[in-house]
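Every read-out reported here was derived from the displayed coordinates using simple, explicitly stated rules and does not represent laboratory data. Just so it is clear, the model here is predicted, and its values are computed rather than measured. Virtual Cβ from ideal backbone geometry, glycine too; neighbours counted across all protein chains shown.
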Ligand SMILES: [Zn+2]
């Protein structure tokens, strides 16, 4: 996941670009400032809403002291949407058009989130459309069963597939005492591979912390000034694939790079303050999670991941590298089962099944361990339809980037996605 409100020194303000500002820029900047203040006002009512903030500290201080009621926030959102509709919208795909569309889409989502906080009920699909501007496809049980039947032929042993999966995966757990080294090695590799193609802002860096008792498995808290705090939940066993996943998804070229590039290119170079705040329940999260997941394939195209892991990470973790090919063949099929997680969330949040039934469904069709399934249901409780941002986001970003034919051109598209105001609608 992405990042938490940490204020930067006011000195940052003066460090930002001070290029001449035209009349229409000034108008858009004023709208952007009101948007940031609105997001901060919603954050007063929803502790998870403001995922990161590194803009002017006085804006945050004002939101904290004003504690604007939701009715007022909604009125201000309506007024701002109307004001934006009157502002020049740019043309085609230029940056001004993207900026305009970004603000309009983010404001629409904020409006829906406020109505949810006021008690309005949405179905799962209505909610994901309103908050993330996307609806995940549905699949029936038979679809997942076909994938599981294929998996059953790959996995050793006989009997129920979930139990066989758990047994199979046991051989790929990174021993606790080796976690730090394996993660640090994977992070260094992902950084090297990313830096070959993207120009990273000077001084960017992050720290990694191990935590327990969270509904997520990893989290990037972006702190501004090109820094992140990455937390890894080590409560449940960590399998070998997690090292590269985590290093790419949370770090390079995932969340850390996305946030740092937005800060560098948009906030600092252009003075576009709307990017100094990150509302978690918003369309931007589909780009964030989708690009973070797809970032793994960017860093390790084709067979490169398995080759690297066999040569470096398996030996480092003391695991049998001769089984890596089978492990990744299984992982490839498991990826198709991530959509079973969306089904569980959809049925659970629509009130069709209980928490316990949702966990059972995850064991049966996502092949999660019972413990991980319960952790996942806790995630549904907190983050709700956010789940679609991971797999649907990944598929949309993949289709968008792979419209380019060559690896260099793909990196160019990917880098552009990470440093311009693009949202789900721009991927289609
Ligand atoms: Zn994430």
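Results, tabulated for the structure shown:
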item: The range 49-88: C-alpha gyration tensor shape, a/c 1.5 cut-off, then a/b vs b/c; result: oblate
item: Mean residue ellipticity (222 nm) of the chain, computed from DSSP H runs ≥ 4 via -39,500 (n - 2.57), nearest 500; result: -17500 deg cm²/dmol
item: Share, in percent, of DSSP beta bridges within the chain that are antiparallel, nearest 5; result: 55
item: Fully extended contour minus Cα-Cα distance, from residue 195 to residue 83, at 0.36 nm per residue; result: 36.3 nm
item: Nearest-ten-degree value, helix 70-86 long axis tilted from longest Cα axis of the chain; result: 70
item: Computed lengthening from residue 320 to residue 207, 0.36 nm per intervening residue step minus Cα-Cα distance; result: 37.8 nm
item: Distance (nanometres) between label positions extended 7 Å along Cα→Cβ at residue 72 and residue 27; result: 2.8
item: Volume of the Cα convex hull of the chain, divided per residue and given in Å³; result: 142
item: Segment residue 405-residue 126, length gained on full extension (0.36 nm per residue, minus Cα span); result: 96.9 nm
item: Tensor-based shape of the range 76-213 (alpha-carbon gyration tensor, a/c under 1.5 rounded, otherwise prolate or oblate); result: oblate
item: Model label zone, residue 304; criterion: amide N under 12 Å from point 7 Å along Cα-to-beta-carbon; scope the range 241-273; result: 253
item: The range 314-423: C-alpha gyration tensor shape, a/c 1.5 cut-off, then a/b vs b/c; result: oblate
item: Residue 146/residue 381 FRET efficiency (R0 35 Å; Cβ-Cβ; nearest 0.05); result: 0.70
item: Angle between the chain longest axis and helix 284-299 axis [Cα atoms, degrees, rounded to 10]; result: 50
item: DSSP-defined beta bridges in the range 172-307 - what % are antiparallel, rounded to 5; result: 50
item: Relative packing of 128-139, 163-174, which averages over residues the other C-beta atoms within 10 Å, highest first; result: 128-139, 163-174
item: Cα long-axis angle, helix 407-419 against the chain (0 to 90 degrees, to the nearest 10); result: 50
